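Engineer: Below: one structure in structure tokens.
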Amino acid sequence: MARSFDITTRLRSGKASRAAAPRSRSAIGALTRSLSAAACMLTLSLGLFGPMAGCTLGLPEAVSDIRYDLGPAPANPASHAGGLPPIRLLDVRAPRVLETDDILYRMSYADPRQTAAYANSHWTMRPAQLLTERVRHALAAQGAVLGGGQAAQAPQLTIDLEQFEQVFDSEGESHGALTARATLLQGGKMVAQRTFVARAPASMPNAAGGAHALATASDEFVAQLAAWLDIQAGALAQ
């Protein structure tokens, strides 16, 4: 992981010299913001990324709190012969740790039992919501997808999201990790259940790399899920 470049500390250490400089507060503030922005640009140009490299002082709010989603859905979702029967899709469920817009990461090489969140990068919505939209879009290309509240005699699909985080295998290498369990019910009885694991390498050891890797892992999960549902179509038809 790249070392954190603490610009805030460096700038605040110059407070004692203000009395000797006959400048107005506004001029000093402008100079401080300019130096902060320049230092941040230097930090980024040197590649000092990583989850601990927070550089936000003096940057616009829109830049200091970056929002990510899963990007555009695949233009041509994988099609399956015969399509899928109508399915009631419930909203994806997730544990409390995933019920926020935090982008989580885990430095498994240092302490695999500890997770953390990026301070200045977030999802546009909770991961479970992002995944619900992704699954709904893909399955709708194969057949009718009903909401959980719609009264219909159709198989019911529930998805429990268990893991959705960026995992660092070393300081400079990481991957997006997604684990989810799908349960298919018909008439109140379980037809099938499977746990899916999707992994995708991150191109950069920072929030942007993690978000991209998790988007790729999400699409991999959706493809696995659609193929699994296609296999279950015969049992659902009985």
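Engineer: Of the residues Leu146, Leu131, only one is aliphatic (A, V, I, L, M), at pLDDT 95 or above and open to solvent by less than 50 Å² (accessible area, probe 1.4 Å); which? So that I can check it myself, show each step before the final result.
Structural biologist: Details: Leu146 fails: at pLDDT 95 or above.
Result: Leu131 is the single residue among Leu146, Leu131 that is aliphatic (A, V, I, L, M), at pLDDT 95 or above and open to solvent by less than 50 Å² (accessible area, probe 1.4 Å).
Engineer: Only one residue in Thr216, Thr179 is within 20 Å of Ile66 (Cα to Cα) and modelled with pLDDT of 95 or more. Which one? Give the derivation first.
Structural biologist: Working: Thr179 fails: within 20 Å of Ile66 (Cα to Cα).
Within the list Thr216, Thr179, the selection yields Thr216.
Engineer: Please work out if Ala138 is in contact with a Leu (Cβ under 9 Å, 6 or more places away or on another chain), within 22 Å of Ala226 (Cα to Cα) and either free of Cβ contacts under 8 Å to residues at least 24 places away in the same chain or not hydroxyl-bearing (Ser, Thr, Tyr) (or both). If you could, list the steps in order and put the result at the bottom.
Structural biologist: Details: in contact with a Leu (Cβ under 9 Å, 6 or more places away or on another chain): yes; within 22 Å of Ala226 (Cα to Cα): yes; either free of Cβ contacts under 8 Å to residues at least 24 places away in the same chain or not hydroxyl-bearing (Ser, Thr, Tyr) (or both): yes.
Here the answer is yes, as Ala138 does meet what is asked.
Okay, residues lined up against (1) surrounded by 16 or more Cβ atoms within 10 Å (Cβ to Cβ); (2) more than 28 Å from Tyr109 (Cβ to Cβ):
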site	(1), (2)
Leu139	yes, yes
Glu171	no, no
His175	yes, no
Thr179	yes, no
Arg194	no, yes
Pro201	no, no
Phe221	yes, no
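Engineer: Of everything in the range 96-128, what is part of a helix (DSSP H, G or I) and open to solvent by 70 Å² or more (accessible area, probe 1.4 Å)? Give them in sequence order. Talk me through it step by step, then tell me what you get.
Structural biologist: So the first thing to find is which residues in the range 96-128 are part of a helix (DSSP H, G or I), and the list is 96-98, 127-128.
Passing the criteria: Arg96, Val97.
Engineer: Out of (1) touching a residue at least 24 places away in the same chain (Cβ under 8 Å); (2) open to solvent by 30 Å² or more (accessible area, probe 1.4 Å); (3) part of a loop (DSSP other than H, G, I, E, B), what's the single condition that is false for Ala154?
Structural biologist: Every listed condition holds for Ala154 apart from (2).
The values are calculated or read from the model by the stated rules, or taken from the named source; none is laboratory data. These figures come from a predicted structure and were not determined experimentally. Neighbour counts are summed over all protein chains in view; Cβ atoms, including those assigned to glycine, are modelled from backbone coordinates with ideal geometry. Note: accessible area is taken over every heavy atom of the protein model, side chains too, but ligands, DNA and RNA are not part of it. Shrake-Rupley method; radii C 1.70, N 1.55, O 1.52, S 1.80 Å.
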